[in-house]
Amino acid sequence: MSLALSYDIPVFVPAVYQVVTFDGSAQSAAFAVGTRLIRISANQDCWYKIGANPTANQTDSCFLAKGAIDHREVLAGQKIAVAKDTAAGKASVTEETL
């Protein structure tokens, strides 16, 4: 008797690539129609926030360590704002679709 399990795992495809240069809070362009997930990584410690018109800061935003990778569910039209922790840098934001 086989006890093999089957899972429907969605496969996300990279679709749009953005680089957000940050010092103070800087926003990306709005996410495209069809974007369901983003992947973010940065070359410096930073703070980020996702929303319609977000402002990232050290009070109510998510921390991302230099070189770390994070994935977040998003809606089309939303943006990501990124702000430095102690040094300015660049964040790579990849929009992914199904």
Answer yes or no as to whether Gly77 is among the small types (Gly, Ala, Ser) and out of contact with any strand residue (DSSP E or B) (no Cβ under 9 Å at 6 or more places or on another chain).
yes
Select from region 70-98 the residues that are more than 14 Å from Pro14 (Cα to Cα) and among the acidic types (Asp, Glu) and write down the one among them that is surrounded by the fewest Cβ atoms within 10 Å (Cβ to Cβ).
Asp70
Any residue in region 73-84 that's touching a residue at least 40 places away in the same chain (Cβ under 8 Å): show its pairings with residues that are among the basic types (Lys, Arg) and surrounded by 18 or more Cβ atoms within 10 Å (Cβ to Cβ) at Cβ separation under 9 Å, as long as the two are six or more apart or on different chains.
Ile80/Lys49; Ala81/Lys49; Val82/Lys49; Ala83/Lys49
With the requirement that a residue be under 24 Å from Gly34 (Cα atoms) and of a type in the set (Gly, Ala, Ser), what does region 57-87 give you?
Ala76, Gly77, Ala81
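Taken together, the values in this text are just the output of simple stated rules run on the coordinates, not laboratory data. Since this is a predicted model, take the numbers as computed values, not measurements. Ideal geometry is used to build each Cβ from the backbone, glycine not excepted, and the neighbour counts take in all protein chains shown.
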